[in-house]
Every structure is written in structure tokens, then in C-alpha cells.
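Beneath this line is the structure, given in C-alpha cells, with notes to follow.
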Amino acid sequence: MASKQHDLVIIGGGPGGYVAALRAAQLGIDTACVELEERLGGTCLRVGCIPSKALLESSEQYANARDGLLAHGISCASVKLDLAKLMQRKDGIVAELTKGIDGLFKKNKIARYLGRAEITAPGVVSVDGDETVEITAKHILIATGSTPAAVPGVKLDGTLIGDSTLGLSFDRVPERLVVIGAGYIGMELGSVWQRLGSQVIVLEYLDRILPGTDSEIAREALRLFRKQGLDIRLQSRVTGVQTLGKGAKASCLVELDGGEPVACDRVLVVVGRQPNTAGLGLANVGVRTNERGFIQVDAQYATSVPGIYAVGDVIGGMMLAHKASHEGIACVETLAGGHGHVSYDAIPAVVYTEPEIASVGATEDALKTAGREYRKGVFMFRASGRAKALNQTEGRVKVLADAATDRLLGVHILGPRAGELIAECAMALEFGATAEDLARTCHAHPTLSEVVMEAALAAGSGAIHG
Ligand code: NAI
């Protein structure tokens with residue numbers, strides 16, 4: 001067995017781990033990263049954010065060419081879909097970006113170990129790859145992310161019934177696709193296949209979609225998604241899936257807790273994600289987890305065992321790539337003797353549907369529950385000249401500010417390019433801005449960002465065009 005030594009060994013090469021590795025190396029820490037998969041980048045890059053955005057973009061272009069351009073006076077006589085090429089483009093983007101991380105690792109002299117890591121003792125990680133390597137390190141950072149959660153009674157076969165990874169790689173457009181779960185993933189993947197021609201039925205256990213997002217925004221989004229043709233059925237708890245027939249004729253029957261079973265030819269199970277801690281050796285050293293299996297950390301990301309840290313999905317909270325990256329940076333900056341910090345109240349979240357949904361800070365529901373006095377400003381995209389030019393006039397911006405101090409508490413956007421518009425709102429929250437600060441910042445005309453400005457005005461002295 002080979003032995004190696006480093007200052008810091010990071011377990012996991014996703015947005016938490018690889019970003020932490022880069023920052024640590026830049027700060028002069030001798031850093032190693034252990035990753036099980038050949039390609040760095042984790043779920044986000046290989047089978048999550050990046051490939052899904054590639055498919056969302058392609059499918060939106062296709063749907064636009066087929067239906068959307070008519071409104072602009074452009075008709076495309078015969079729009080054809082080449083699914084294989086569409087998938088190749090997605091795979092190409094993933095390949096290029098993962099190679100980019102390899103390049104950054106080399107440039108920053110980060111040691112890369114390919115294999116499964118297990119913490120065998122404090123300061124000792126054993127890597128089971130082509131050969132077994134034992135790494136000793138002063139610090140260990142766990143950034144192993146999460147894996148898809150299961151529905152009791154539903155067995156995935158990876159062909160007819162699968163998780164989000166299957167939903168990124170169908171080799172033909174399913175005729176009837178059932179998506180179990182109306183969360184971020186369900187709404188994004190459901191949108192992709194609906195635009196590409198599938199009849200999509202989304203079965204959601206709760207009485208709303210997108211749990212965690214502002215409920216007023218989620219209600220409006222539900223109306224728009226239904227208008228687009230997504231068959232979203234709320235209060236539908238899936239209890240099992242039966243497979244009928246074999247080979248090309250095989251199909252599925254999705255069983256519900258009450259109500260008629262739903263027949264379809266493919267099923268995607270996207271009901272949340274759980275921490276990835278199996279086989280990590282947490283019990284060998286006594287790293288504490290909570291009742292849901294997430295690793296417990298303090299404000300500096302230290303676990304219950306000295307010298308062992310954890311960031312990203314594996315510690316819970318918002319399961320977002322950028323949250324993991326920021327935690328990774330904060331953790332290693334503290335290790336290097338600096339001060340690492342993540343502003344959890346200013347982390348933006350984006351659902352890349354059409355229209356997009358983006359938010360930062362507190363939801364109105366959370367403010368009501370907390371009994372907080374707030375002011376609310378709303379402005380609709382239909383009043384924006386730029387939105388009209390784009391022919392994307394659905395949606396709104398909602399600004400929430402403290403009733404006494406006017407300090408921004410949250411911004412919620414449903415509308416065109418919401419994912420880009422939220423950036424200035426996140427910065428405003430990070431800087432402790434008031435709604436008036438946002439309202440008095442000069443926004444270029446005509447841009448979609450004026451809708452943010454008008455909503456901020458509406459939270460105070462009133463919108464100009466309202
Ligand atoms: P989620 O937790 O957002 O939604 C899962 C949904 O499944 C919930 O609404 C839940 O009520 C429902 N559900 C659970 N059991 C069910 C059953 N038996 N029958 C019917 N419905 C059931 O989880 P999702 O969409 O899988 O996303 C996982 C994580 O990944 C999220 O935390 C999300 O933040 C992150 N993500 C972020 C994206 C982004 O930033 N654009 C994109 C995709 C995922």
C-alpha cells in the first residue's frame with residue numbers, strides 16, 4: 001500500500017470540493033482531492049446543473065422555433081428534432097467543463113486521487129482505487145454531496161424508471177412521461193420533455209409545487225406551467241410503480257395513495273436528495289450526523305472530530321452548487337488563518353423553467369410565520385417595454401422590506417431571465433441595502449431590470465409605471 005502526505009485532503013470533487021481545493025491551493029496549502037468518478041465536477045457538472053441547463057436551453061430553442069417565433073412574424077415550415085445531436089451537444093459541454101477543472105487542478109498543483117475514500121482514523125484517509133493509497137493529512141474536508149432520495153415501493157431499473165440522471169439521457173422522446181415530485185428537478189426535467197414532445201404528468205404529494213419557494217410565486221408558476229401543457233396533479237402521493245410487458249413494448253403503471261393509477265412509458269423519480277455518507281468511515285472516527293443523516297458542523301464547518309470538516313449538500317441546508325462552493329471557500333480560508341464567512345440570507349436560488357423563477361432572502365410565508373412586520377412591492381413584467389419586445393410578459397417581481405427600517409428582506413422573481421436579475425438583488429441583500437437603495441439605483445432603459453427597480457419603488461413611495 002502506497003503512503004502519501006498532504007496538508008489537506010478533500011473528499012469529493014464537486015462544486016464544494018473542487019472549489020475548496022482550488023482556493024486552498026491558491027492560499028499555499030498542499031492540497032489533495034479524492035474523487036470516485038473519472039471526471040471532476042460532481043453531480044452539478046456531470047449529471048445535474050450543467051447538463052440539465054444544456055437540455056433546457058435546447059428544448060426551449062426547439063419549442064420556440066416550433067411555436068414561439070410565430071408571434072414575431074417568423075414561421076419555420078418544418079422544425080425537426082435531432083435528439084441524438086441535442087444530447088451530443090450536452091455531453092460536449094460537460095466534457096469541456098470537466099476538462100477545464102482538470103486543467104485548473106494541474107495549474108494549481110493539486111494532487112488528484114481516483115477512487116473511493118474512507119476515513120480510517122483521524123487524519124488518515126484510505127483511497128481504494130487501482131491501488132490502495134493511504135493519505136495522512138492535518139485536515140480532512142468532506143464534500144461528498146448528495147444522492148437522489150427514493151420513494152418506498154418504487155424500484156429504479158435505469159431504463160423505464162430512473163432518477164434525474166435517466167431524465168438527462170433518454171434516447172427517444174417518451175410518449176407519456178410521469179415525473180414523481182414537483183420540486184426544482186421535477187419542474188425542470190418535466191419542462192424539457194414536455195417541450196420536446198412528451199405528454200408529461202407530474203405527480204406531487206403536497207398541495208403546491210416547488211416547496212420552499214414563495215407560495216404566491218409558486219401558485220402563479222403552477223398556473224403558467226399548466227397553461228404550457230404540463231399535467232401537474234397535486235396531492236398525489238405515489239406508492240409504487242408496476243412494469244408491464246417487455247422490451248420495446250414495456251410500459252409502467254404508477255400507483256397512487258387513492259385515485260386511479262397512471263399509465264405511462266417512462267417514470268422519473270425526483271423526490272429530493274439525501275446526504276452521501278455511506279462507506280465514508282464516519283463511524284470509524286465518530287463524526288456526528290443529525291437524525292436525517294446530514295453531518296453536523298459548527299460555524300467554521302468543523303465536525304465533532306477535530307481536524308475533520310464538511311461542506312455542501314452533505315451538511316444540509318439549501319442543496320445548491322454555489323452554496324457548497326462558498327462554504328468550501330469559507331472553510332479553507334479559515335484553515336489558512338483567515339476569516340471565512342457565508343451570508344446564508346443572501347444565497348440566490350434559481351429554477352430554470354420558462355419563465356425562470358429566482359429568489360433570495362426570506363419568503364413572504366416565512367415573514368408571516370415569524371410575525372415580522374414587512375412592506376411588499378410588486379411589479380408585473382407585462383408593464384415592461386423590454387418584456388414586450390421579448391414577447392415574454394408573464395410574471396412579476398416581489399420585493400419584501402422591513403416595515404420599520406426598509407432593509408431588504410427578500411426578493412422573488414417569476415419572469416424572463418429571472419436567474420440573471422436576481423444577482424443585483426443578492427448583492428443588495430449582501431450589502432444590507434434598503435428597498436429605497438434598490439429603487440434609487442439608476443437602471444438602464446429599456447431592460448428587464450427596471451421591473452426590479454419598479455417593485456422596489458412599489459415597496460416604498462410607489463412605482464412610477466404602476
Ligand atoms: P425537492 O425536495 O425540491 O422536491 C421533491 C418533491 O417531491 C417535493 O415537492 C415532495 O413533496 C415530492 N414527493 C416526495 N415524495 C413523493 C411521493 N411519494 N409522491 C409524489 N411526490 C413526492 O427535490 P428535487 O426536485 O429532487 O431537488 C433536489 C435538490 O436539488 C433540491 O434541494 C434543489 O434545491 C436542488 N436542485 C437545484 C436546482 C437549481 O438550483 N436549479 C435544480 C435541481 C435541483
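Numbers below:
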| read-out | value |
| --- | --- |
| All strands (runs of 3 or more DSSP E) inside segment 327-440 with 1 or more residues being farther than 30 Å from residue 141 by Cβ and in contact with a Leu (Cβ under 9 Å, 6 or more places away or on another chain) | 356-361, 374-380, 396-402, 408-415 |
| Cβ-Cβ under 7 Å pairs, at least 6 apart or on other chains, segment 44-56 side among the aliphatic types (A, V, I, L, M), far side not in a helix (DSSP H, G or I) | 47/168; 55/168; 56/352 |
| Within segment 123-148, tally of residues that are more than 14 Å from residue 278 (Cα to Cα) and either modelled with pLDDT of 95 or more or touching a Leu at 6+ places or on another chain (Cβ under 8 Å) (or both) | 18 |
| Unmet requirement for residue 228, which otherwise passes all of (1) within 19 Å of residue 170 (Cβ to Cβ); (2) open to solvent by 20 Å² or more (accessible area, probe 1.4 Å); (3) in contact with a helix residue (DSSP H, G or I) (Cβ under 8 Å, 6 or more places away or on another chain) | (1) |
| Failed criterion for residue 14 (all others in (1) under 17 Å from residue 164 (Cβ atoms); (2) in a helix (DSSP H, G or I) hold) | (2) |
| Residue tally, condition within 18 Å of the chain's Cα centre (by Cα) and either of a type in the set (Ser, Thr, Tyr) or open to solvent by less than 40 Å² (accessible area, probe 1.4 Å) (or both), over segment 54-97 | 5 |
| Qualifying residue in segment 61-75 (condition: assigned to a loop (DSSP other than H, G, I, E, B), at pLDDT below 95 and out of contact with any Asp or Glu (no Cβ under 9 Å at 6 or more places or on another chain)) | yes |
| Of all residues making up segment 165-194, the number that are within 15 Å of the ligand (Cβ to nearest atom) and open to solvent by 40 Å² or more (accessible area, probe 1.4 Å) | 3 |
| Segment 195-218 - residue that is surrounded by 20 or more Cβ atoms within 10 Å (Cβ to Cβ) and among the acidic types (Asp, Glu) and, of those, nearest to the ligand (Cβ to nearest atom) | 204 |
| Any hit, segment 40-53, residues being open to solvent by 70 Å² or more (accessible area, probe 1.4 Å) and assigned by TED's automatic domain parsing to the domain that holds residue 316 | no |
| Of residues in segment 349-373 being of a type in the set (D, E, K, R) and open to solvent by 40 Å² or more (accessible area, probe 1.4 Å), the one farthest from residue 49 (Cα to Cα) | 373 |
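The values are calculated or read from the model by the stated rules, or taken from the named source; none is laboratory data. All values derive from a computational prediction rather than experimental measurement. Glycine also receives a Cβ, built like all others from the backbone with ideal geometry; neighbour counts cover every protein chain displayed. Quick note on the areas: whole protein, heavy atoms, side chains included, nothing else; ligands and nucleic acids left out. Shrake-Rupley method; radii C 1.70, N 1.55, O 1.52, S 1.80 Å.
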